[in-house]
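Taken together, the values in this text are just the output of simple stated rules run on the coordinates, not laboratory data. In this text the structure is predicted, and so the values were computed from the model without any measurement. Virtual Cβ from ideal backbone geometry, glycine too; neighbours counted across all protein chains shown.
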Amino acid sequence: MNDHREDEDYLLNGEERPETRADGEKLLDELGIFGVARRRFFEQGLAGGLGVFALQLLAKEKALAAVETAPDAVFAENAGLENAVRVSLKINGAAQSVEIDSRTALVDLLRENLGLTGTKKGCDQGQCGACTVIVDGRRVLSCLTLAARCEGKTVTTVEGLAKGDELHPVQAAFIKHDGFQCGYCTPGQICSAVALLDEAKNGEASAATKNLRATARDLKLSDEEIRERMSGNVCRCGAYPGIVAAIREVQAGRETAQYWQFATEEEIAAAMSAGEEERDAAV
Amino acid sequence: MRPFKFTKAKDEADAVRLVSANRDAQYIAGGTNIVDLMKEDVRRPNELIDISGLKLTRIKTIPSGLSIGALATNTDTANHPLVRQQFPLLSQAILAGASAQIRNMATNGGNLMQQVRCWYFYDVAVACNRREPGSGCSALGGLNRRYAIFGWSESCVAVNPSDMAVALAALDAVVNVTETSGTTGYGIPITEFHKLPGDAPHRDKALEPGELITSIELPRNNFAANSYYLKVGERTSYSFALVSVAAALELAGGRIKQARVALGGVANKPWRAYDAEKMLVGKTPSREAFEAAAAEEMKKAQPLEHNEYKVELGRRAITLALLRAFKGAAE
């Protein structure tokens with residue numbers, strides 16, 4: 001079945017070769033697919049050109065998924081690391097114990113070793129904030145954090161903010177207020193904003209704070225304060241007005257109107273016909 | 001990044017012993033500077049001694065004033081009620097630097113130890129006396145718009161990037177360090193902690209190899225009500241200072257009893273404006289008095305090819321910072 005010419009043959013002629021069927025049966029056994037789903041695969045999968053190749057991909061995917069839940073199985077292979085460091089930490093509520101090269105930055109541990117690709121690598125030198133995560137309640141840059149220094153720490157990434165299907169209020173507000181365009185800086189922006197809420201609650205100051213000698217808790221932040229406190233997160237699309245609006249809403253705990261709406265079907269139809277009229281006029 | 005051994009220090013003595021035992025070892029605290037420098041291949045330690053677990057984070061009142069742990073983060077220091085109350089100038093300067101994320105990671109000791117942000121220092125393909133002693137200074141005849149106007153030498157024209165250190169200089173802070181024996185310590189006045197480049201810019205800190213900063217002491221003063229940190233950069237936030245000024249006044253009977261002025265972004269160390277201070281003492285606070293003091297200090301400036309603007313900018317920034325300090329804008 002690894003002979004691609006035979007697979008091509010099958011795709012061209014549409015005839016199912018006996019060995020393909022046998023290979024399929026074997027893979028379906030391994031994947032634990034039985035009954036109706038199994039019948040459907042042979043009826044629709046093979047006939048529809050999905051084929052054994054797709055089934056192999058599915059098997060690989062499943063094998064990877066199994067590995068993710070037991071990282072030790074993978075890291076046992078890393079015994080030959082030159083400067084291996086074992087780190088035990090909690091990520092999004094789950095205890096992890098990993099063996100890493102001492103050079104590994106937290107952003108790489110998250111993305112490469114643990115598959116948590118929500119955290120983004122931007123500049124990789126502490127200038128853009130895309131890699132912001134929350135460690136022990138504080139927002140930090142995961143690109144400048146050596147993973148080896150995270151022993152015993154609690155890490156929250158963008159993947160750990162929602163409760164099941166319920167988004168974190170900051171996540172929901174970013175959607176509502178259009179706080180992103182391309183989305184690359186967004187996980188960092190959101191983690192940063194979530195930590196910012198706690199900082200304001202604790203009465204922490206910023207460069208925009210007017211009176212440093214007067215301390216108070218539960219600060220209500222002005223737009224100027226929000227902008228200053230978010231200055232470590234750069235957005236190249238320039239979605240700043242939406243980001244500030246989102247944070248302002250959550251911080252103030254007061255719902256504000258969304259400034260954009262999806263077009264209704266009538267509006268879309270009107271716009272389309274207007275376009276057609278214009279084209280006709282041009283002709 | 002080149003491979004390195006990662007070693008955790010158990011306590012101060014252990015840290016000092018570990019770093020002294022390996023001449024290619026370096027301390028790592030917050031990591032915001034050393035990790036970056038290692039990624040860029042500017043620094044190449046073969047071992048990092050992690051001191052983040054040491055108990056050097058306390059901020060407490062001492063007979064002479066306030067003691068700030070070397071490993072307290074910049075955020076915790078700027079927000080500590082005692083610092084905000086008694087030394088708002090320090091809080092203001094710390095908060096003017098970097099971003100919330102970096103201040104959360106960076107420690108006070110690390111802030112003092114940070115390297116220049118000279119792009120020639122960072123570019124391993126070009127000459128830099130600081131990176132490779134004797135190789136030459138690429139900034140001297142290069143793009144030196146952001147560089148020094150005071151105290152530079154032919155061997156280095158870079159500036160110290162710290163905001164915190166500028167306030168510490170104005171506040172006459174003392175940096176306490178542990179000697180390499182690991183048992184005794186001594187204090188270095190902040191104004192002597194960073195050294196002008198001379199012919200050895202690669203040795204720009206007063207620390208001997210292996211010595212460890214343990215705390216920073218702030219002597220009690222009467223500046224809290226009339227101090228201000230003014231930072232002028234290319235952006236309002238999250239950029240290094242082109243010029244910054246830490247200004248503090250003690251007023252008595254309508255006159256200036258004591259004045260402190262320190263500048264950032266103009267030299268390879270926080271630049272205490274002693275001449276300006278001398279001009280201010282005994283004067284009645286006024287814009288004219290502040291302008292005269294500022295002009296006196298900037299007379300000695302020696303701009304490079306591209307940074308003459310810093311002389312006028314410095315004059316205005318000193319005046320404005322003193323005006324705001326007088327008005328008590330830090331309050």
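Treating only the Cβ atoms of Lys and Arg (+1) and Asp and Glu (-1) as charged, compute the dipole magnitude of the protein assembly as shown about its Cα centre; round to the nearest 20 debye.
It works out to roughly 3440 debye.
In whole angstrom, how long is each semi-axis of the equivalent ellipsoid of the range B:210-260, when you take the square root of 5 times every eigenvalue of its Cα gyration tensor and sort them from largest down?
Ellipsoid half-lengths, sorted descending, are 26, 22, 8 Å.
Within chain B, what is the longest stretch that has no trypsin sites (Lys or Arg not before Pro) placed in a DSSP loop and near at most 15 other beta-carbon atoms within 10 Å?
Result for the longest clean stretch: B:59-116.
Could you tell me the ratio Rg/Rh of the range A:71-205? Both radii from Cα atoms, Rh via Kirkwood.
0.99
Work out the length of the dipole vector of the range B:195-331 about its Cα centre, built from +1 on the beta-carbon of each Lys and Arg and -1 on the beta-carbon of each Asp and Glu, and round it to the nearest 20 debye. Let's see the in-between values first.
Numbers: 21 positive and 17 negative charges, 81 e Å.
So the dipole magnitude of the range B:195-331 works out to roughly 400 debye.
Pull out the extension gain between B:Ala206 and B:Glu234, defined as 0.36 nm times the separation in residues minus the alpha carbon to alpha carbon distance; nm, one decimal.
In short, 7.0 nm is gained.
Counting alpha carbon pairs within less than 8 Å and at least 6 residues apart, what relative contact order, in whole percent, applies to chain B?
Across chain B, relative contact order equals 17 percent.
Past the 25 angstrom mark, what percentage of all C-alpha to C-alpha distances in the range B:73-184 do you count?
39
Can you tell me the FRET efficiency between A:Ala257 and A:Leu197 if r is taken as the Cβ-Cβ distance and R0 is 35 Å, rounded to the nearest 0.05?
Details: r = 21 Å, r/R0 = 0.61.
The value I calculate is 0.95.
At a Förster distance of 25 Å, what's the computed FRET efficiency of B:Lys327 paired with B:Thr61, Cβ-Cβ distance as r, to 0.05?
The value I calculate is 0.30.
If you scale each eigenvalue of the Cα gyration tensor by 5 and take the root, what three semi-axes come out for the protein assembly as shown, rounded to whole angstrom and sorted largest first?
They are 53, 32, 24 Å, listed from largest to smallest.
Return the subset of B:Lys60/B:Lys327; A:Lys121/B:Lys269; A:Lys120/B:Lys5; B:Lys205/B:Lys299; B:Lys205/B:Lys283; B:Lys231/B:Lys310 for which the Cα-Cα distance in this structure is over 24 Å, preserving the input order. Write down the numbers at each step before the final one.
Details: B:Lys60/B:Lys327 29 Å; A:Lys121/B:Lys269 33 Å; A:Lys120/B:Lys5 27 Å; B:Lys205/B:Lys299 27 Å; B:Lys205/B:Lys283 36 Å; B:Lys231/B:Lys310 13 Å.
In this structure, B:Lys60/B:Lys327; A:Lys121/B:Lys269; A:Lys120/B:Lys5; B:Lys205/B:Lys299; B:Lys205/B:Lys283 exceed 24 Å between Cα atoms.
Return an integer: the convex hull volume of the alpha-carbon atoms of the range B:5-52, in Å³ per residue.
Details: hull volume 2.9 nm³, N = 48.
Output value, Cα hull per residue: 59 Å³.
Can you give me the orientation-averaged projected area of the convex hull built on the Cα atoms of the range B:212-296, in nm²?
7.4
Which GluC sites (Glu not before Pro) does the range A:188-255 hold that lie in a coil by DSSP with at most 11 other beta carbons within 10 Å?
Sparse-neighbourhood loop GluC sites (Glu not before Pro): A:Glu255.
Please compute, for the alpha-carbon atoms of chain B, the extent along each of the three principal axes and give them in descending order in Å.
Cα extents, longest axis first: 59, 48, 32 Å.
Along the charge dipole of chain B, which of B:Leu263, B:Ala273, B:Ile59 sits closest to the positive end, that is, farthest toward it, with unit charges on the beta carbon of Lys, Arg, Asp and Glu (+1, +1, -1, -1)?
Highest projection toward the positive end goes to B:Ile59.
Could you point to the residue in B:Leu207, B:Asn104, B:Phe6 farthest towards the positive end of chain B's charge dipole, with +1 and -1 charges on the Cβ of Lys/Arg and Asp/Glu respectively?
B:Asn104
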